[in-house]
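Novice: Starting off with a structure, shown below.
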Amino acid sequence: MTQPPSQQPPQGGFGAPQDPQGTPQPPQPQSPPAAPPQMPPAPPQTPPPGAPQPGYGYPQAPGAQPGYGYPQAPGQAAPGQAAPGQAAPGQAAPGQAAPGQAAPGPYAQQPGPYGAPTGPYAQQPGPYGQQPGYGYPQQQYPGAPTPGGSGGGPFKGKPAVVIGAALAGLLVVGTGIFFATSGGGEEKKPVSKSSEDAVGPSASPSVDQGDGKGDGREANDDLNAGRKEGEAKVLWLTKNDIDLPRNGANVYGPWIVGDTLVKGMYRSVVGYSVADGKEKWKLPLPADMCAAPVTPTSDGKIVIGVMNGTTDKADCADLQMIDLNTGKAGWKKSVKKNGTWDLLSDIGLAISGDTVTVGRTSNSSAFRVSDGKELFGNPSGDCKPYAFAGGPKLIAAVNCRTDDVDNPQQQVQEVDPTTGKAKWTYEPKRGWEIDKVYSVSPLVVSLTQREEKKWAVLALKENGTLRSQLISDKGDKLSVDCGGGFSIFGKKLEGCSGVAADANTFYMMTEDDTSGTGRTNKVIAFDLNTGKTKWKSAAPAERTMKPLRMESGDVLVYLEPSYDKGGAIATIAPTGGTPEVVLQHPDSTTRIESFFSSKTVYAGSRSFVVSDRVSASNDEEEKEQTTMMAFGK
């Protein structure tokens with residue numbers, strides 16, 4: 001195992017806490033989420049005989065110290081920053097300084113994204129603190145329904161997603177979503193409006209008075225009527241056509257396979273033509289969709305998670321393979337519980353090659369995508385994988401059993417996708433937990449230190465040894481968008497945006513700077529061999545931007561829409577410089593494009609902006625929700 005080097009990094013690393021800034025309120029977003037459900041009841045105080053001990057990725061008894069990465073109840077965390085470099089009593093990992101001295105290594109001086117007194121993972125500033133929308137604080141949707149209790153036993157409530165800054169005092173836990181059983185799931189005729197189908201031109205968008213019907217545009221509005229020279233066309237947009245449960249639903253995907261864009265939501269997976277947005281196929285599901293990988297296989301196959309029932313007692317335990325080219329369902333099987341404390345409420349799926357992995361708590365399993373054959377499960381021993389990131393390699397986060405719940409031991413492994421055997425193991429210092437995998441190749445991993453509320457980003461070599469620790473300059477506050485929160489019982493390692501990487505450089509966005517007349521930010525390039533900053537590229541005035549991926553050697557970024565400026569796809573040269581716009585979205589449709597929270601995909605010289613959650617307070621508003629927009633030349 002390779003321990004981090006003994007040199008202490010400079011001060012002012014990633015995610016230092018910052019004071020909230022007051023900002024003007026933007027136009028009402030398209031699709032704000034409904035209010036989250038109540039927290040699930042407290043777990044039992046004593047696990048059943050033979051159950052693993054706390055600190056191994058399991059819920060803690062009330063009043064006990066939290067285990068690996070679970071949120072503390074409000075008021076449990078001590079306010080303020082713990083002293084850096086403090087070792088566990090009576091312990092010093094290899095490479096650590098003696099007690100009383102500052103601990104060496106790349107983690108010691110990294111201030112983290114935490115610090116709020118309600119717990120280290122509850123509504124914290126830092127890399128995941130930026131709210132969706134285009135950087136402005138959002139308001140809860142007027143008239144959103146109040147959800148009922150979770151019910152169904154101590155571990156049954158389905159967690160909710162993070163909502164706007166107006167509810168920042170509320171602890172929200174989970175990437176899943178609680179589904180009310182009263183939703184009928186009735187299908188309606190798909191609604192897709194192409195620019196060629198528009199009836200005629202209309203005036204510029206009127207001011208939205210907050211009636212919950214979107215941006216105030218008429219149904220027969222020509223989306224390209226106000227398009228200026230040099231701006232892309234709105235190729236098509238879609239509106240919601242699914243009768244959703246009262247709390248709305250998360251959107252999974254999108255995935256683009258050939259000429260088809262696919263997304264999943266609630267109880268269906270749908271494929272759309274990338275050219276005109278017309279529905280090509282639709283696959284109904286017997287229950288709520290609850291998990292999905294970031295990427296499908298190279299031939300367009302994917303395995304999703306589906307609830308094994310329609311009541312609040314159901315678990316995310318059924319796997320369904322789908323051919324995204326045709327919409328045909330393949331094999332289906334249920335994940336078997338591995339003991340009483342194998343909690344299936346939240347699972348994380350990842351695909352590498354022909355393997356799909358299922359991670360949750362401190363259990364895992366893997367299946368062949370092509371035929372559903374089980375390939376491997378939990379290994380023997382005290383260290384077990386519980387979460388994975390896929391793609392060209394399969395990377396696992398591993399929990400190791402320890403009696404010291406305040407000083408956990410975790411590992412990073414590259415795993416053979418057919419056998420589950422570890423090719424190598426990197427073991428960070430005790431107390432550091434694997435947070436996210438920002439890039440699989442090259443491998444860039446985020447870690448957190450719960451007790452001292454710190455955050456670190458490491459680059460690892462091909463053999464699993466330490467390559468560097470990324471160190472930001474003083475005053476740069478890094479940010480990343482990893483979706484709506486984290487799971488209580490499971491963890492999803494992949495799927496973060498706001499980052500990109502090539503062989504020798506890692507690119508990351510900063511938090512929004514609100515010191516001027518409008519919000520703006522930067523993209524910072526880090527040398528993966530040294531961890532130091534190579535260059536910084538500023539967004540255009542009063543704009544913010546988010547790295548998406550690499551494109552022909554350049555950094556592909558999304559310039560987010562502002563009050564009066566449409567979004568855009570741009571590139572930044574690998575040597576830095578000013579972003580160069582390759583596809584400017586129309587200014588006249590910026591209010592439609594400004595979803596509460598969305599994902600942006602660029603493929604085939606087209607950009608697709610997809611709302612990642614659909615919610616409304618009544619059926620009429622539900623049908624008015626714009627769910628996708630496509631732009632092109």
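Novice: Students often get this wrong: which residues of the range 606-626 have the backbone nitrogen under 18 Å from the point 7 angstrom along Cα-to-C-beta of D243?
Specialist: Within reach of a label on D243: 615-625.
Novice: Could you please report the charge total around G264, scoring K, R as +1 and D, E as -1 over all other residues with beta-carbon less than 13 angstrom from its beta-carbon?
Specialist: Details: positive: K263, R267, K282, K599, R613; negative: D288, D612.
So the environment of G264 carries a net charge of +3.
Novice: So if the hydrodynamic radius of the range 462-591 is defined as the Kirkwood radius over C-alpha pairs, what does Stokes-Einstein give as its diffusion coefficient at 25 °C and 0.890 mPa s, in µm² per second? Intermediate results must be reported in sequence, preceding the final value.
Specialist: Details: Rh = 15.7 Å.
It diffuses with D of about 156 µm²/s by this estimate.
Novice: Roughly how many nanometres apart are two label points built 7 Å out from the Cα toward the Cβ at K532 and A603?
Specialist: Between K532 and A603, the simple spin-label model gives 4.0 nm.
Novice: Per 0.36 nm of contour for each residue apart, how much would the distance between S370 and D406 grow if the chain were fully extended, relative to their Cα-Cα spacing? Could the numbers behind the result be given before it?
Specialist: Values: separation 36, 0.36 × 36 = 12.96 nm, distance 4.19 nm.
Extra length available between S370 and D406 comes to 8.8 nm.
Novice: What pairs in K282/K332; K429/K453; K599/K623; K233/K522; K278/K522 have C-alpha atoms more than 25 Å from each other?
Specialist: Numbers: K282/K332 17 Å; K429/K453 15 Å; K599/K623 20 Å; K233/K522 27 Å; K278/K522 37 Å.
Among K282/K332; K429/K453; K599/K623; K233/K522; K278/K522, the Cα-Cα distance tops 25 Å for K233/K522; K278/K522.
Novice: Pairs K536/K633; K280/K336; K423/K492; K280/K633: which are spaced more than 32 Å apart, C-alpha to C-alpha? Before the final figure, lay out the partial values.
Specialist: On the way: K536/K633 30 Å; K280/K336 34 Å; K423/K492 21 Å; K280/K633 23 Å.
Beyond 32 Å: K280/K336.
Novice: Quantify, in whole percent, the carbon and sulfur part of the accessible surface of the range 356-515 (1.4 Å probe; protein heavy atoms only). Let's see the in-between values first.
Specialist: On the way: 2100 of 4810 Å².
About 44 percent, which is the carbon plus sulfur part of the accessible surface.
Novice: Here is a further query. In terms of solvent-accessible area of protein heavy atoms at a 1.4 angstrom probe, what is the ranking of T326, T425, highest value first? The partial results should precede the final answer.
Specialist: Details: T326 70, T425 35 Å².
Order by accessible area, largest first: T326, T425.
Novice: At what distance in nm do the modelled label points of T465 and K228 sit from each other, each positioned 7 Å from its Cα along Cα→Cβ?
Specialist: 5.5
Novice: For A275 and E580, what does the FRET efficiency come to when R0 = 25 Å and r is the distance between their Cβ atoms, rounded to the nearest 0.05? Each step should come with its number before you reach the end.
Specialist: Values: r = 26 Å, r/R0 = 1.04.
The calculated FRET efficiency here is 0.45.
Novice: Express in nm, to one decimal, how much length is gained between D259 and S552 on full extension, taking 0.36 nm for each residue of separation and deducting their alpha carbon distance. Intermediate results must be reported in sequence, preceding the final value.
Specialist: Numbers: separation 293, 0.36 × 293 = 105.48 nm, distance 2.08 nm.
That pair, D259 and S552, stretches by 103.4 nm at full extension.
Novice: Something else: Taking a threshold of 22 Å on the Cα-Cα distance, which of the pairs K393/K534; K393/K421; K333/K436; K301/K393; K474/K565 fall above it?
Specialist: Values: K393/K534 27 Å; K393/K421 13 Å; K333/K436 28 Å; K301/K393 17 Å; K474/K565 31 Å.
Beyond 22 Å: K393/K534; K333/K436; K474/K565.
Novice: Could you work out the equivalent-ellipsoid semi-axes for the range 498-571, taking the square root of 5 times each eigenvalue of the Cα gyration tensor, largest first, in whole Å? Provide the component values of the computation, followed by the final result.
Specialist: Working: eigenvalues 107, 42, 10 Å².
After diagonalising the Cα gyration tensor, the semi-axes are 23, 14, 7 Å.
Novice: Just to be sure I understand: of the beta bridges DSSP finds with both ends in the range 258-308, what percent are antiparallel, rounded to 5?
Specialist: Working: 13 of 13 bridges.
Here the share of antiparallel DSSP bridges comes out near 100 percent.
Novice: Under a crude label model (7 Å from the Cα following the beta-carbon direction), how far is Y563 from K333 in nanometres?
Specialist: Here the modelled spin labels are 5.7 nm apart.
Novice: If packing is taken as the mean number of other Cβ atoms within 10 Å per residue, what is the order of 351-358, 534-541, highest first?
Specialist: Working: 351-358: 23.8, 534-541: 16.6.
The most tightly packed comes first, giving 351-358, 534-541.
Novice: D382 to K423: extension gain in nm, 0.36 nm per residue of separation minus the Cα-Cα distance? Could you put the intermediate results ahead of the total?
Specialist: Working: separation 41, 0.36 × 41 = 14.76 nm, distance 1.76 nm.
The span from D382 to K423 would gain 13.0 nm if fully extended.
Novice: In addition: Give a residue-ordered list of calculated ³J(HN,Hα) values for the range 442-448 (Karplus: 6.51 cos²θ - 1.76 cosθ + 1.60, θ = phi - 60°; whole Hz; x for Gly, Pro).
Specialist: Values per residue, Gly and Pro as x: x, 8, 10, 10, 9, 10, 10 Hz.
Novice: Given bins 10 angstrom wide, list per bin the percent of all Cα-Cα distances in the range 528-583, short to long.
Specialist: P(r) for the range 528-583, in whole percents per bin: 23, 52, 20, 4, 0.
Novice: Do you know the relative contact order of the range 545-584, to the nearest whole percent, from alpha carbon pairs under 8 angstrom that are 6+ apart?
Specialist: Numbers: 75 pairs, mean separation 12.0, N = 40.
Relative contact order, the range 545-584: 30 percent.
Novice: In vacuum, with every alpha carbon of the range 540-613 counted as one equal point scatterer, what does the Debye formula give for log10 I(q)/I(0) at q = 0.14, 0.15, 0.19 Å⁻¹? Two decimals, please.
Specialist: Log10 of I(q)/I(0), two decimals: -0.41, -0.47, -0.75.
Novice: I'd like the per residue volume of the convex hull spanned by the Cα atoms of the range 374-463, given in cubic angstrom.
Specialist: On the way: hull volume 8.1 nm³, N = 90.
Roughly 90 Å³ of hull volume per residue.
The values are calculated or read from the model by the stated rules, or taken from the named source; none is laboratory data. Predicted model only: the values in this text are computed from it and were never measured. Reconstructed Cβ throughout: ideal geometry from the backbone, glycine too, with neighbour counts over all protein chains shown. Accessible surface areas use protein heavy atoms only, side chains included; no ligands, DNA or RNA. Shrake-Rupley method; radii C 1.70, N 1.55, O 1.52, S 1.80 Å.
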